[in-house]
Amino acid sequence: MRYLLYGLRVDADRAIPGLRPVEDAGPADVRVWIGSHPPGSVPAGAPPWYVADRELAGEPAVVARGGGGAGYRLRYADGCEFTVDMAGTRVGCTWPAETSLEDAATYLLGPVFGLVLRVRGVTCLHASAVEVGGRAVLLSGPAGAGKSTTAAALALRGHRPLADDVAALDPAPGGGATVRPAYPHLRLWPDAVQALYGPDADLPPLTPNWDKRLLDLHTAPGLYHSDPLPVCAVFRLAGREAADAPRLESVAPAEAVLTLVGDTYLGWLPALHAQARDLAAYAALARRVPVLRAVPHTDPARLDELCALIEDASAEGGRG
């Protein structure tokens, strides 16, 4: 089956939950083995190269690395395992009986393809991306900051999401960056679903073993933006406050670059050449577009006010 994911043609030997097959005759960029690993992958039981010192969302518990282009083997705490070759062209995926393909797909579409992009030379920000006025705004921040919820709130105001959680960036002509479309759904916690759509609202579970819900952007035409867009502004979501919120705060360019470095997707992965590339990309982006700190209100009902501020600031950034 052929899919488009982060601007890559992806061929898989089984259906990938959350994606829809496409008709595309071009050569595959990435091949995915579902339920197995390609020949030459880092073997199971390989000695660890990296071990997480604490449990973080999307971060593997153990990473093994092999030579000769074998690449990486990611082992998660729930038993899901993935292999990615050093060129980012072959991906394997297995999971234990107590989990499911849907569980494995949450890793596959996020951190695993984040690694694929990283080894292919693409800078990725821990951010959601939404089209506003024909350009993309990035909503960055750590896990739990409200990136997906804010993206869904902007979608309710008529703006189409491009990416959820992983924003893959390419250099733009003349400076700045463009963001690639990722996949056509958002992942929301149940309380966010009710805050956005009402107390009786519900969405299907993302997986049988996780409380997050699936907002399918293919349920109606025009909900998903499937083409790359230039970035016009970055909004770094801060902690929620009750006083003088929601509000936006300017971030000086030097601080903006450091903020973006801190929000690099897979920033834990030791790779000096990738870190240097990311730093240059963020410096170019911060010179071109505003980076603002977005402070939401503690009352979810006031998220719409933050969205209005984002719209206004994005219009200013788009004219820059």
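Just so it is clear, none of the values below were taken in a lab; they were calculated from the coordinates. Since we're looking at a predicted model, the values are computed, not measured. Backbone-built Cβ (ideal geometry, glycine too); neighbour counts: all protein chains shown.
Some notes on this structure:
- For the chain, the Cβ-based charge dipole about the Cα centre amounts to some 920 debye (Lys, Arg positive; Asp, Glu negative; other atoms uncharged).
- Largest mean-square fluctuation among Asp244, Asp263, Asp304, in a Gaussian network model of the chain whose springs join Cα atoms under 10 Å apart, belongs to Asp244.
- Whole-Å distance, taken between Cα centres, linking region 130-162 and region 1-57: 26 Å
- Projecting the Cα atoms of Ala70, Val112, Pro96 onto the charge dipole of region 2-120, computed from C-beta unit charges around the Cα centre, puts Ala70 farthest toward the positive end.
- The label-point distance for Asp11 and Arg65, in a model that sets each label 7 Å from Cα toward Cβ, rounds to 2.9 nm.
- Averaging Cα coordinates gives a centre for region 79-103 and one for region 248-320; these two points are 31 Å apart.
- Each residue of region 2-120 gets 103 Å³ once the volume of the Cα convex hull is shared out per residue.
- Cα lying deepest toward the dipole's positive end in the chain, options Leu217, Ala195, Ala286, charges on Cβ: Ala286
- Distance between modelled label sites at Tyr50 and Asp227, nm, 7 Å Cα→Cβ extension: 3.5 nm
- Farthest toward positive dipole pole in region 124-318 [+1 Lys/Arg, -1 Asp/Glu at C-beta], among Thr207, Ala301, Leu125: Leu125
- Sorting the segments 185-196, 206-217 by their residues' average number of neighbouring beta-carbon atoms within 10 angstrom, most packed first, yields 185-196, 206-217.
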